[in-house]
Amino acid sequence: MNKKRLVLIGNGMAGVKTVEEILKISKERFEIAIIGEEPYPNYNRILLSKVLQGDTTVEDITLNDWSWYAQNDIQLFTSEKAIHIETVEKNVITNNGTTIPYDELIIATGSKPFILPIPGNDKEGVTTFRDIRDTVEMVNASKKYHRAAVIGGGLLGLEAARGLLNLGMDVTVVHLGNNLMDRQLDATAASLLKADLEGQGMRFLLEKNTTAITGGKRVERLKFSDGEEIDCDLVVMAAGIKPNIELAQQAGLTTNRGIIVNDYLQTSIPHIYAVGECAEHNGIAYGLVAPLFEQSKVLAQAICELDVTPYQGSIVSTQLKVSGVEVFSAGEFIEGGEKKALRIFDEQDALYKKLVFNGKKIVGAVLFGDSREGTRLFSMIKKQADISDTVKVSLLQPIGGEAEESVVATMDAEEIICGCNGVSKGSIVQAIHEQGCISVDGIKACTSASRSCGGCKSMISELLEITLGESFKPEFQKETLCGCTSLSRDEVIEEIRNKKLMHTREVMNVLGWTTLEGCSKCRPSLNYYLGMIHPVEYEDENESRFVNERLHANIQKDGSFGVVPRMYGGVTNSDQLRKIADVADKYKAKLLKVTGGQRIDIFGIEKEDLPKVWEELDMPSGYAYGKTLRTVKTCVGETFCRFGTQDSMSLGIALEKRLERIGSPHKFKMAVSACPRNCAESGIKDFGVVGVEGGFEMYVGGNGGTHLRSADLLGKVKTAEEVIEYASAYFQYYRETGIYLERTSKWVERMGLENIKVVMEDPKQRQELNERLNIAATVLEDPWKKIIGSEKLKNELFEKVTVEQ
């Protein structure tokens, strides 16, 4: 059979998903060509917010790499734009002059961000949040500038704002409406969301109409209709999208807001189809991923001339991708007329749940603070389930409650489990039966489910257990170290120990890494684990560290560095202060700043001056850049304070000298307060000590950063020596069991405080942990002095290396 020529305009999620579905039906039916404007293979656009927030990388959101196109004989035109369709001759013309003939044509041109038509919208520093280029622009801007304004308080705007916060910018969200996410949330949920995000550091200007962007070449201010203005260095337009239909209009297709399609995604001209955000079905142009995937399946079957159930539109749900915030919305979320609501509102714990009913059917839901029931409720909404025999409030009981049915078990085969990649329950069950998948990672490899945000992993694991029955192996449901290996963190460490592996490349080679050089996740992780396991023998790989750790100073927005010498326990003297002052004057420091850790940061030092500055300071490195002990904050204690019951400064200095320079999974902060007034803020440190009558209380797992967490009481001891023994054992236990880049606040929750207490209360284990820590401490030397004494290191680090900015 001669293959027909199928051309897809648009290399995005909806179009390529359609091609994937067509290839599942038959690889012999079409000769396929895809035209994409971006220089990348197909990637998951909805996860750009995760890239911006630093939770993943651009490489990790690629859905189909270059090899997929080659393996399926797909001709891919990247960085090329379709500019004309010859509907009679059946040709697509590109901006490069390429003519591509077709028998069947799919238009999947997606949508365009809405740019406010206001003066100054073309200034440097004004961007949208739509593709990889926009994401990169925001990341680069965050390295030079400080103030960002996001116009639009919807889903995309809030995710962009969270990402910019993570990048260290001050962020103001400007929204025309009086409620955030006003297309998905009612006023109560929106108010809770606003309060939560304000707690994270976001500022909001609601009911603000932006009228102009002012400044020179680059944006400097935003002006509003009420006369108010704000300063900003970066403006992100996230005020909505509109279907990209210019090409379709030029070709003579019938359009409205989008390209008009029927129930089989056919346009007004034969052999031309439209799918995704550019298509309009029954007056609706969808902008969420689930409807696009539903359309793709219908179109694939229709274009392959199979019997197909017509597309009847989609019920949509949304979930905000902001760390620490649980928000879910589905269906019709506003009551009125025949629609009645049921609400549960726990103001104290900021929990809000609302169901909307129309007669005997549930038609909408809003959840804030606890969205575990979201999938089950969304399934009921889509099925238009009859709830006349159900006590309505029971619908909001947590999954897994008594007599509760498994959500996954009740789902139909065609229902989507992985919304990011459009993978249904039926596809996963098929992979289990036909491809022998027995783990989440196996399902991920076979179907792409959980490949993106990973939010569906628990459901996949549950489906595996249901489908495999007694053959289900819980131990197979593991999290791999990174995408370069199928091994988990624990398996990698075990293999390093058993096989006595000594170098990162050796680990990659022996353990069958799928990449030659590893990735940004595994290289620094392996470097840490190797150093932790072989503290004496292993030679640290400087190239596997991040730039601040490589250069032993903190790079600043202008490319200069901040230098923080160590001041044990926050105690200093006139000699040290004089040296700092002399260095600051000689090397023209731009700022001297007392840090939160009771030290002095010398800002504005040029890279080539760093070794000379360290030499003239003649003080140890404060490791303000390192994944190790940063500081031990202390109050003045009983020596000076009339309330102090213990010598906090001496204990703090002793702890700092005990643990300094020893590597850990993430930074580690400590504090010692001499009395329960807690002036050193011991309750929000990785390890905090509070002096009390007759001894010391020890607190662990605290965090004063973005995810504020109060420390838990580990125990009480009588002497300062016992505190040092416990703190050292705790630090070593964290070193040995922590996941690289896992703070103790997360580690304590993962390990369980009671389990950690069992280890800490065992004198034998405490002693063994201290002994292993002693070994690790024997080989450490101050990095500043080491570099000062080595011309080779000075040349390598400060003359040959280009600093990443």
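The values are calculated or read from the model by the stated rules, or taken from the named source; none is laboratory data. Here the structure is a predicted model, which is why all the values come from computation and not from measurement. Methodologically, a virtual Cβ is constructed for each residue, glycine included, from the backbone with ideal geometry; neighbour enumeration extends over all protein chains shown. Heavy atoms of the whole protein, side chains included, go into the accessibility calculation; ligands, DNA and RNA do not. Shrake-Rupley method; radii C 1.70, N 1.55, O 1.52, S 1.80 Å.
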Which numbered condition D582 misses (of (1) open to solvent by 30 Å² or more (accessible area, probe 1.4 Å); (2) under 23 Å from L481 (Cα atoms); (3) among the acidic types (D, E)): (2)
Subset of the stretch 546-574 [farther than 16 Å from T595 by Cβ, part of a loop (DSSP other than H, G, I, E, B) and open to solvent by less than 40 Å² (accessible area, probe 1.4 Å)]: H552, G559, S560
Where Y528 falls short, out of the listed (1) over 27 Å from V58 (Cα atoms); (2) of a type in the set (S, T, Y); (3) in a helix (DSSP H, G or I): (1)
Scan of the stretch 120-140 for residues that are touching a Ser or Thr at 6+ places or on another chain (Cβ under 8 Å) and on the phi < 0 side of the Ramachandran plot, ordered by number: F129, D134, E137, M138
Among the candidates R183, R162, R147, R130, residue that is open to solvent by less than 30 Å² (accessible area, probe 1.4 Å) and basic (K, R): R162
Conditions (1) open to solvent by less than 30 Å² (accessible area, probe 1.4 Å); (2) in a helix (DSSP H, G or I): number failed by E198: (1)
Hits in the stretch 591-635 (condition: part of a loop (DSSP other than H, G, I, E, B) and over 30 Å from N703 (Cβ atoms)): E606, D618
Matching residues, the stretch 171-180, being in contact with a Gly (Cβ under 8 Å, 6 or more places away or on another chain), assigned to a strand (DSSP E or B) and open to solvent by 10 Å² or more (accessible area, probe 1.4 Å): H175
Residue within the stretch 60-81 that is of a type outside the set (A, V, I, L, M), modelled with pLDDT under 90 and crowded, with 19+ Cβ neighbours inside 10 Å present: yes
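To keep it simple, each residue is scored yes or no on (1) open to solvent by 60 Å² or more (accessible area, probe 1.4 Å); (2) within 22 Å of Q295 (Cα to Cα); (3) modelled with pLDDT of 95 or more.
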{"residue": "I25", "(1), (2), (3)": "yes, yes, no"}
{"residue": "E31", "(1), (2), (3)": "yes, yes, yes"}
{"residue": "L47", "(1), (2), (3)": "no, yes, no"}
{"residue": "V58", "(1), (2), (3)": "no, no, no"}
{"residue": "H84", "(1), (2), (3)": "yes, no, yes"}
{"residue": "I106", "(1), (2), (3)": "no, yes, yes"}
Top-ranked residue in the stretch 367-400 [being surrounded by fewer than 16 Cβ atoms within 10 Å (Cβ to Cβ) and among the acidic types (D, E); ranked as modelled with the lowest pLDDT]: D389
Odd one out for Y286 among (1) over 15 Å from G110 (Cβ atoms); (2) among the aromatic types (F, W, Y); (3) in contact with a helix residue (DSSP H, G or I) (Cβ under 7 Å, 6 or more places away or on another chain): (1)
Single condition S296 does not satisfy, out of (1) in a helix (DSSP H, G or I); (2) more than 17 Å from K382 (Cβ to Cβ); (3) touching a residue at least 40 places away in the same chain (Cβ under 8 Å); (4) in contact with a strand residue (DSSP E or B) (Cβ under 8 Å, 6 or more places away or on another chain): (4)
Count - residues of the stretch 509-525 that are open to solvent by 30 Å² or more (accessible area, probe 1.4 Å) and outside any loop (DSSP other than H, G, I, E, B): 3
Filter result (modelled with pLDDT of 85 or more and of a type in the set (D, E, K, R)) within the stretch 484-530: R489, D490, E491, E494, E495, R497, K499, K500, R505, E506, R523
Test: residue in the stretch 229-251 that is over 34 Å from the mean Cα position of the chain (by Cα), assigned to a loop (DSSP other than H, G, I, E, B) and surrounded by fewer than 18 Cβ atoms within 10 Å (Cβ to Cβ): no
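Yes/no per residue for (1) in contact with a Ser or Thr (Cβ under 7 Å, 6 or more places away or on another chain); (2) of a type in the set (D, E, K, R):
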| position | (1), (2) |
| --- | --- |
| L714 | no, no |
| Y740 | yes, no |
| K746 | no, yes |
| I775 | no, no |
| K786 | no, yes |
Unmet requirement for I739, which otherwise passes all of (1) outside any loop (DSSP other than H, G, I, E, B); (2) open to solvent by 60 Å² or more (accessible area, probe 1.4 Å); (3) at pLDDT 90 or above: (1)
Pair list, Cβ under 8 Å, 6 or more apart: the stretch 64-89 residue over 18 Å from T18 (Cβ atoms), other residue open to solvent by 30 Å² or more (accessible area, probe 1.4 Å) and aromatic (F, W, Y): T78/Y40
Boolean, F345 is aromatic (F, W, Y), over 26 Å from the mean Cα position of the chain (by Cα) and over 20 Å from L197 (Cα atoms): no
Pairs with Cβ under 7 Å, 6+ apart, first in the stretch 168-182 and under 10 Å from L205 (Cα atoms), second of a type in the set (K, R) and buried (at least 20 other Cβ atoms within 10 Å of the Cβ): V174/K208; H175/K208; L176/K208
Test: residue in the stretch 742-752 that is assigned to a loop (DSSP other than H, G, I, E, B), touching a helix residue (DSSP H, G or I) at 6+ places or on another chain (Cβ under 8 Å) and within 20 Å of P524 (Cβ to Cβ): yes
L47 vs. criteria over 25 Å from H281 (Cα atoms) and touching a Cys at 6+ places or on another chain (Cβ under 7 Å): yes
